[in-house]
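The values are calculated or read from the model by the stated rules, or taken from the named source; none is laboratory data. All figures in this text were calculated on a predicted structure; none of them were measured in a lab. Note that each Cβ is placed from the backbone with ideal geometry, even for glycine, and that neighbours are counted across all protein chains shown. SASA here: full protein model, heavy atoms, side chains in, ligands and nucleic acids out. Shrake-Rupley method; radii C 1.70, N 1.55, O 1.52, S 1.80 Å.
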Amino acid sequence: MKDKLAIAASILNKVKLPKISNEVAQLQEESMRPDPDVNVIAKCINRNPRLFTKFIAVASFISKKEIQSARQAVDILGTKGVFTVFFSSAIEFSFQSNKENETIINHAIKIATAMSDLASGVEGVKSGDAYLYGLLYNAGYIALNQYNPTACKECYLVSLMTPSLSTQKEMELFGTTSSCIGVYVAKKWHVKNYVYSGILFQQGEPAKCPDGRNLAYELINMLNVARMVVAEAEDNLYLTDEVRQRALLSMQSLEISNRDYIRAQKRVIQYTKDLNSFPKNTQSEESESGKVNQSIHLIR
């Protein structure tokens with residue numbers, strides 16, 4: 001593990017990550033005070049007009065209410081909830097300005113959208129935290145894509161269709177994993193412990209925390225379901241037996257119903273239909289090779 005983390009750190013030192021808005025640190029500091037000043041929070045949110053627009057869209061989506069102002073967002077989401085949503089908005093805003101990683105980022109947005117909606121049926125998980133995790137779970141690929149685009153593309157496609165083989169492929173090509181890099185990214189941005197635990201152990205099977213202090217178990221299982229939600233929403237382009245079986249087992253583990261699944265899928269289609277998250281020049285290749293399963297049946 002130490003060697004993998006050392007190589008991950010070395011790769012990160014050679015690439016340039018998207019810069020997160022300064023307002024994020026200011027808002028985080030204020031939201032962690034015993035008695036946060038709502039006026040200060042509102043000013044932080046309003047300071048960057050373009051980021052404010054993104055924040056309003058994400059806050060309205062997560063809360064399932066039409067939010068029009070920073071003050072209204074605080075009233076609905078609370079100070080800590082507002083920070084999580086603002087942080088997610090800043091990451092998404094920053095990521096989307098980087099066209100080199102457009103496919104990877106769009107997929108993360110779709111996953112985040114699905115996870116946020118699924119969270120409403122999972123005890124202990126807030127929609128904002130689920131959305132943030134969805135945005136960051138594959139952040140390591142953003143660094144790898146800058147470091148070696150060709151090798152990263154190969155690993156990324158494996159992660160979409162056969163997640164269980166992605167670690168092996170990444171170790172062969174990079175000597176580390178996207179998860180190890182993602183953990184460094186998450187720590188740099190000071191996310192909650194269970195978010196980067198979920199990033200690091202996303203290919204494993206972490207035990208459920210009995211007292212609810214660590215939600216990695218819930219987040220990773222929700223990720224498994226979200227993978228199938230997004231794959232189906234994209235015409236089954238990379239839906240494989242592995243993705244399907246993982247999703248079905250995770251639905252059973254978290255007691256996610258077919259109704260919850262279908263609702264999440266509708267929201268992904270409604271809110272992210274214009275975002276392409278699968279390299280177009282590989283779609284026909286994968287279909288011809290027989291790797292893509294074209295049908296799906298939920299069996300609950």
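At-a-glance table
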| quantity | calculated |
| --- | --- |
| DSSP-assigned coil residues among GluC sites (Glu not before Pro) in segment 186-280, each with at most 16 further Cβ atoms within 10 Å | GLU255 |
| Segment 15-78 shape via C-alpha gyration tensor axes, a/c threshold 1.5 | oblate |
| Out-of-range pairs (alpha-carbon distance over 28 Å; input LYS126/LYS273; LYS4/LYS188; LYS169/LYS266) | LYS169/LYS266 |
| Proximal aspartates and glutamates relative to LYS16, as straight alpha-carbon distance under 14 Å, when same-chain residues fewer than 8 apart are discounted | GLU100 |
| Spatial separation of Cα centroids for segment 59-121 and segment 189-203, in angstrom | 17 |
| Sites ASP3 and GLN252 - FRET efficiency at Förster radius 35 Å, r taken between beta-carbons, to 0.05 | 0.45 |
| Protein accessible area in the chain, 1.4 Å probe - carbon and sulfur % | 49 |
| Those aspartates and glutamates that a straight Cα-Cα span of less than 12 Å connects to LYS54, excepting residues fewer than 8 apart in one chain | GLU92 |
| 222 nm mean residue ellipticity, helices alone, for the chain (DSSP H n ≥ 4; -39,500 (n - 2.57); rounded to 500) | -22000 deg cm²/dmol |
| Contour excess over end-to-end distance, with Cα ends at GLU154 and GLN270 and 0.36 nm allotted per residue | 38.8 nm |
| Greater than 27 Å apart at Cα, pairs in LYS43/LYS192; LYS110/LYS192; LYS14/LYS208; LYS19/LYS110 | LYS14/LYS208 |
| Cα gyration tensor category, rounded, prolate or oblate, for segment 173-226 with a/c compared to 1.5 | oblate |
| Pairwise label distance in nanometres, MET32 with LYS14, each label 7 Å out on the Cα-Cβ vector | 3.3 |
| Per-residue SASA entry for ILE262, accessible area with 1.4 Å probe, Å² rounded to 10 | 80 |
| Cα-based shape type of the chain, given that a ≥ b ≥ c are square roots of the gyration tensor eigenvalues and the cut on a/c is 1.5 | prolate |
